[in-house]
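The next block holds one structure in the form of structure tokens; read it before the comments.
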Amino acid sequence: MKIIIIEDQEDFASYIKKGLTEKGYVIDWEPNGEKAFWKVRFSRYDMILLDIRIPEKNGLEILSDLRKMQNHVPIIIFSAEKELDIKLKSFNLGVDDYITKPFSIDELSARIQAILKRGKKIKNNLINISSFAIDNANFKVTKKGREIKLRRKEFDLFCYFAQNPHTVITRSQILEKVWDMNADPFTNTVDVHIKSLRKKLGDTKGRFIKTIYGRGYQLVEKNI
């Protein structure tokens, strides 16, 4: 598996490169954002590990431009930025995961593996629930015939809810089934994606995907 690290701090990049190389990954490193962007455009990588604060072209600009070009290579942002608005912006732009510094190589490797496995547990080709039709084969959701554009994690999350209607699902269960994680390393991940999913589905008041306080979430079959 070939990964590029886009990070301007040489010591930190070396730490990641050494750790992941020992785990069998093939690693490239590029400290300059502009050069990294063109490398990613014209070379094949299985994953991008991306810092936000890098010179010439910052991480969010790289993420945004790649997604606009329909480049869906998995991207993990690692950053010292812990503010919720930065994390929200990253997910809205299409990042696959966000990990705050410092972190261990084992945690990073687990995040990488989780992304690779994501979505494999969703098998059925078509799910109809309320006014929605979910086409797993083509990663497509329609509402009364009108297509709703969802990002991949939003799509997988909606499928999981649709396969378990009226069931109260905890955040830990969502992370395990949708993200393939047994623990919650980033407590806002589920909430951020559910908020975005509700907005796109037209469930702004949370009546379709309900919050069950202190327990988790529940999809209720009703037209919205």
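List of remarks:
- Extension reserve of the N32-E221 stretch, reckoned as 0.36 nm per residue once the Cα distance is removed: 63.1 nm
- Rg to Rh quotient for the chain, alpha carbon positions, Kirkwood Rh: 0.98
- Candidate lysines - alpha carbon under 25 Å from K144, same-chain residues fewer than 8 apart omitted: K123, K153, K195, K199, K200, K205, K210, K222
- Relative contact order computed over the range 1-55 (Cα-Cα under 8 Å; 6+ residues apart), in percent: 52 percent
- Rolling a 1.4 Å probe over the protein heavy atoms of the chain, with every protein chain left in place, gives an accessible area that is 47 percent carbon and sulfur.
- Across the range 27-76, counting alpha-carbon atoms alone, Rg and Dmax equal 9.7, 25 Å.
- Ellipticity estimate at 222 nm from DSSP helix runs (n ≥ 4, -39,500 (n - 2.57)) divided over the chain, nearest 500: -12000 deg cm²/dmol
The values are calculated or read from the model by the stated rules, or taken from the named source; none is laboratory data. Because the structure is a prediction, the values reported are computed rather than measured. These accessible areas exclude ligands, DNA and RNA; they are computed on the full protein's heavy atoms, side chains included. Shrake-Rupley method; radii C 1.70, N 1.55, O 1.52, S 1.80 Å.
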